[in-house]
Structure formats: structure tokens, C-alpha cells
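Scroll down for the structure; my scribbles are underneath it.
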Amino acid sequence: KVRATIPASLTQFSAIGFIQTSQSNVPIIKASNPILATVANGKLLTITLTNYGTAATGGTMTAASIGATKSTASFPLAIPDLAPGASFTPVMPFPGNLGASGTTVFPIVTVKYSGTTFSVSGFSVKVP
């Protein structure tokens with residue numbers, strides 16, 4: 001919700017304004033479909049990363065964490081270019097100590113595309 005007061009001295013101007021909430025000329029990377037699976041040596045986090053902005057090129061994944069626990073992957077990792085609307089599904093290894101079974105955790109994945117770094121968060125998954 002945005003409120004603005006237009007001073008009476010500015011009556012020659014319209015009260016209509018525009019707010020830019022994000023740049024329109026950059027990739028917008030969002031995560032969906034998280035899956036956390038148990039494997040012999042820990043856990044694997046699989047997510048779908050989708051580009052909702054302009055073409056994303058020259059990508060690298062630079063970090064992944066769940067709470068204070070960092071992925072055991074060797075970063076940075078090269079990741080594919082994404083056209084607008086395109087997705088890819090990275091799989092990231094983690095140690096097994098992510099919490100009790102059924103606990104909800106909140107991963108964060110950091111990617112860099114087209115010179116812009118994105119911390120992709122805001123999604124959750126349950127520990128198996």
C-alpha cells in the first residue's frame with residue numbers, strides 16, 4: 001500500500017504516479033518444486049529455477065544453504081543460460097544433519113546471471 005500527498009501548490013500535475021518494483025531489463029529467477037531426499041551420505045535438494053525476466057546468460061551457482069548448513073557442492077558451478085520462461089533443475093548435496101524428520105526448512109540458493117547476483121529464497125521443504 002502506497003500513500004502520497006500532493007501539495008496544493010502542485011495542482012498542475014496529475015496525482016497518478018508510477019513505482020518501479022524491479023528492473024525490467026534483468027533476469028528474474030524464482031524457485032519452485034523443492035524436494036529434499038535422503039541418500040547414503042546425506043541429503044539432496046532438488047529445485048526448479050525459472051527465469052521470469054529477460055534472457056539469463058553466463059550463469060553460475062555460487063552458494064546453497066539450508067539454515068546455517070552449507071551445501072557440500074564445489075562452488076561456483078556453471079549453470080545453463082535461460083531464455084525468458086525457461087527452467088532448469090539443479091541438485092545440490094547437503095550433509096545429513098538438517099533437522100528432525102518433518103521439520104520445515106528454508107533453503108537459499110545464490111546464482112549469478114548476466115552480471116546480477118540473485119539470492120533465491122522464499123520457499124520451504126520438509127526434512128525427510
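The values are calculated or read from the model by the stated rules, or taken from the named source; none is laboratory data. Given the structure is predicted, the values throughout are model-derived calculations rather than measurements. All Cβ positions, glycine included, derive from the backbone under ideal geometry; neighbour counts span all protein chains shown. What goes into the accessible areas is simple: the full protein's heavy atoms, side chains included, and nothing from ligands, DNA or RNA. Shrake-Rupley method; radii C 1.70, N 1.55, O 1.52, S 1.80 Å.
Give the residues of the range 93-128 whose amide nitrogen is closer than 15 Å to a point set 7 Å from the Cα of Leu44 in the direction of its Cβ. Residues 93-96, 128 qualify, since their backbone N sits under 15 Å from the label point.
Could you compute the net charge surrounding Ile66? Neighbours are other residues with a C-beta less than 13 Å from the C-beta of Ile66; K and R count +1, D and E count -1. Overall, the nearby charge balance is +3.
Net length available on complete extension from Phe88 to Phe106 is 4.5 nm, with 0.36 nm assigned per residue and the Cα-Cα distance removed. Counting only residues 5 or more places away or on other chains, whose amide H sits under 5 Å from the amide H of Ser71 once H atoms are built in the peptide plane? For Ser71, the qualifying residues are Ala64, Ser65, Ile66. Take the Cα of Ala37, step 7 Å toward its Cβ, do the same at Phe123, and the gap between the two points is 1.6 nm.
Roll a 1.4 angstrom probe over the protein heavy atoms and tell me the percent of accessible area of the range 44-97 that is carbon or sulfur. Display every interim value, and only then the final one.
Values: 1510 of 2500 Å².
With neighbouring chains kept in place, the figure for the range 44-97 is 60 percent.
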